[in-house]
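Taking it in order: structure first as structure tokens, then the write-up.
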2 protein chains.
Amino acid sequence: MEKTTYTITELSREFDVTPRAIRFYEDQGLLSPAREGRRRVYSRRDRVRLKLILRGKRLGFQLSETRALFELYDSDHGERGQMQYFLEKIHERRELLQQQRRDIEAVLGELEAAERNVRDALRKRDAPAAEIGA
Amino acid sequence: MEKTTYTITELSREFDVTPRAIRFYEDQGLLSPAREGRRRVYSRRDRVRLKLILRGKRLGFQLSETRALFELYDSDHGERGQMQYFLEKIHERRELLQQQRRDIEAVLGELEAAERNVRDALRKRDAPAAEIGA
DNA sequence: AAGAGAGTTTACGTTTACGTAAAAGGGAAG
DNA sequence: CTTCCCTTTTACGTAAACGTAAACTCTCTT
């Protein structure tokens, strides 16, 4: 059987975040785990959301932005206005991500160039005689 | 002739940041423009650095991290230890960027799927008769 | 019964990256 | 000279995302 519920410490270990952070995401309206008495019980849906939150963070999303996307996703898909709005948001986000990807390509390229330079310099140190051109 | 110096407002307009931000980067040791009296005069090197700072920001670098990279880059390339350290930093940074790129691919994929869903839903609204299957 | 260990609430503290306002210094235009 | 505009310095303010500490509550375990 696949695991179907999680405690806060399980999730915090799996994703390497503190329980404090997870509770904070709940405060901000990004998670809403069930309760068993006072204790929080996380479903698989909660777990997926946590994963999405963290991925969003890695990409520079603010929590409020991620929450807005969740709300849009949960909202009434029948409302035409909502859907158009959602499409706009998707478009904006895509532009940002594509810019980010270009930035990454640029930096990766520069890193490679820098690495080659350093390696060359190291080679010259290790075989200084070669510098004479023989 | 290519432009060779810039004022703070020129740069702030070109890159769409406030002068306040540019001065702040200087406070943090990321820029060190010349002075003409009290006024700041930015060279092309300063301009390049500003561009790099902003790109770093888009990728989630903290200013302190960008500064560290600048310092490494400026530092004594003759010192073997420095060079090894630089290579390590490059490696770390590359791993992070590659993870980020994977995140972006994932999100772009999800955005596409979400967009298709919404567009389908819109089509069904616009041609409800087709739902019957005729 | 008593302690250990995890989880909870409440609330104040902290860091990063600037925003914003106040006060003052040129310089160039009228 | 006065006015206007840009720039500078100084300094306090702020939002986001938690960290950290205090004081409880439960639930076992010994």
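Summary table below
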item: Virtual paramagnetic centre 7 Å along Cα→Cβ of B:Glu65, amide N under 20 Å, in segment B:17-49; result: B:25-26, B:28-31, B:49
item: Options A:Leu72, A:Ala34, A:Tyr85, ranked by Cα towards positive dipole end of segment A:10-116, top entry (Cβ charges); result: A:Ala34
item: Test item: Cα-centred dipole of the protein assembly as shown, Lys/Arg +1 and Asp/Glu -1 on Cβ, debye; result: 440
item: Backbone N within segment A:43-75 under 18 Å of label point (7 Å from B:Leu122 Cα along the Cβ vector); result: A:72-75
item: Pseudo-label separations to other copies for A:Lys57 - Cα-to-Cβ vector, 7 Å, nm; result: 2.2
item: Per-selection Rg to Rh, segment B:52-124 - Cα, Kirkwood hydrodynamic radius; result: 1.29
item: Overall Cα dimensions of the protein assembly as shown - principal axes, largest extent first, Å; result: 81, 48, 43
item: Residue of chain A whose Cβ sits closest to the axis mapping A onto B, with distance in whole Å; result: A:Gly60, 3
item: Label 7 Å beyond Cα on the Cβ vector: B:Tyr85 copy-to-copy distances, nm; result: 5.2
item: Volume in Å³ per residue [convex hull over Cα atoms, computed for segment B:1-117]; result: 157
item: P(r), alpha carbons of segment B:9-62 - 5 Å bins starting at zero, rounded %; result: 5, 19, 33, 30, 10, 3, 1, 0
item: Magnitude of the charge dipole, segment A:1-63, Cβ model with Lys/Arg +1 and Asp/Glu -1, debye to 20; result: 60
item: Label point 7 Å beyond Cα along the C-beta direction, distances from A:Asp120 to other copies (nm, shortest first); result: 5.4
item: Mean residue ellipticity (222 nm) of chain B, computed from DSSP H runs ≥ 4 via -39,500 (n - 2.57), nearest 500; result: -23000 deg cm²/dmol
item: Filter on B:Lys57/B:Lys89; A:Lys89/B:Lys124; A:Lys89/B:Lys51; A:Lys51/B:Lys124; A:Lys57/B:Lys89; A:Lys124/B:Lys57 - keep pairs with C-alpha separation over 29 Å; result: A:Lys51/B:Lys124; A:Lys124/B:Lys57
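Here, each number is a calculation from the coordinates, and none is a lab measurement. Being a predicted model, the structure only gives us computed values, none of them experimental. In this analysis, Cβ positions are derived from the backbone assuming ideal geometry, glycine residues included, and neighbour counts consider all displayed protein chains.
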